[in-house]
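Coordinate-derived values only; no laboratory data. Note that this is a predicted model, so its numbers are computed, not measured. Methodologically, a virtual Cβ is constructed for each residue, glycine included, from the backbone with ideal geometry; neighbour enumeration extends over all protein chains shown.
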Amino acid sequence: MMIALNTVMPFIGIGAVLWAVFALISAIFPGNRKRRLISSGISLSVFLVAIGASDTVERMAKQEELDVAGVENEEQLTALRENEARAAALKVGASYMERLAELRDIADATTGFEVSSEMNDIWLAAEIFERGGQLIQEGAGLDLASEQEAARQDFRVHLSQQQAELFPKIRDAYGPALRRELWEADGWARSHAAGFRRLEVVNPLFAANRNIADFHKKSRETFLQLRFTRIDYKWFRQASEYSYMSLEPPADHQVGFWKGAKFIPVD
C-alpha cells in the first residue's frame, strides 16, 4: 500500500504545479483574475503538501520493506539480499553441475566408439559435441564456484580430445551413409583424404553447374558441421575434370556450437 502511494504522490504534485501555472497564465488575461489567483495558490499548496507527503511515504515504504524482510536497518537488508543472491547462485551452479556430469557420462561412452554408417548414429554423435559446446558456453555466464569452474574447464578439454578422435570417424561413416541416400537418384559418394576431410559426391545432374550450386547451397551447413574442408562434385565417377567447393570449418578439436553456418567457439 505504501509503495503504491509513493508512486502516486509525485504525479499528484506534478498535476498541481501544471494547474497552478495554467491558473497564473490565465490570470494575465481579462476575467475573474482574483478567482484564478486563488486557484493558483491552492494548486501550489497542494503541490508542496504532495512533495512533503512523498518523502514521508517513501520513508514508510522503506520501513515496511525492512519489516517484511525481518531486519532493523539498511545494512542488514543489504546483507540479507547478498546472502539470497549467493544462495540462488549456488542453486544454479548445482543444477548446472548435474547437467554437466550427465553429458560427460554420455560423452565418455563415445570413447573408442565406432560410428556406423547410419545417418541417425552419425548425427547422434555430432549432437553430443554440439550440446557440449552449448553447455560449456552457458557455464561461462554463471557465477560458478572455483571447483565448479575447474570441472567446466576439465570437461572442455576432455570434449576437445574426444572430438579429435571421433570427427574423422564421423566423416568416414558419412560417405557410405550419403551414398545410400543418393542411390535411388543414381548418385554416389565417399569420404577420403587425410582425416576424411574431403567428400566426393557424384550425380549425373552435376553436369550442369546450376545443379552443383543448388546442392551445395542446401548441404553447406551439414558439411560444415561435420567439418569437411572440400566437396568434390562429379557428374560421373571417372571424370578427370570436376568442380569442387572449399570450406573453412573449425579444427576437429575446437569446442563450440553452430548458429546456422556460423561456428561459435567456447573457452
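Here are the numbers for this structure:
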{"read-out": "Cα→Cβ-extended label distance, 7 Å offset, between R131 and T111, nm", "value": "1.9"}
{"read-out": "Viscosity 0.692 mPa s, temperature 37 °C, Stokes-Einstein D of segment 143-204 from Kirkwood C-alpha radius, µm²/s", "value": "235"}
{"read-out": "FRET efficiency, 1/(1 + (r/R0)^6) with R0 41 Å, evaluated for R86 and A261 via beta carbons", "value": "0.50"}
{"read-out": "Net charge, L205 excluded, C-beta distance under 12 Å - Lys, Arg +1, Asp, Glu -1", "value": "0"}
{"read-out": "Per DSSP, loop chymotrypsin sites (Phe, Trp or Tyr not before Pro) in segment 176-267 with at most 14 further Cβ within 10 Å", "value": "F236"}
{"read-out": "Trypsin sites (Lys or Arg not before Pro) restricted to segment 214-267 and DSSP loop, no more than 13 other C-beta within 10 Å", "value": "R237"}
{"read-out": "Mean Cβ neighbour count within 10 Å, used as a protection proxy, ranking 133-145, 156-168 highest first", "value": "156-168, 133-145"}
{"read-out": "Pairwise FRET efficiency - D121 versus Q238, Cβ, R0 = 30 Å, nearest 0.05", "value": "0.45"}
{"read-out": "Cα principal axis extents for segment 173-265, largest first, Å", "value": "38, 25, 24"}
{"read-out": "Set of lysines near K218 by C-alpha distance (under 28 Å), chain-local residues within fewer than 8 positions excluded", "value": "K169, K234, K259, K262"}
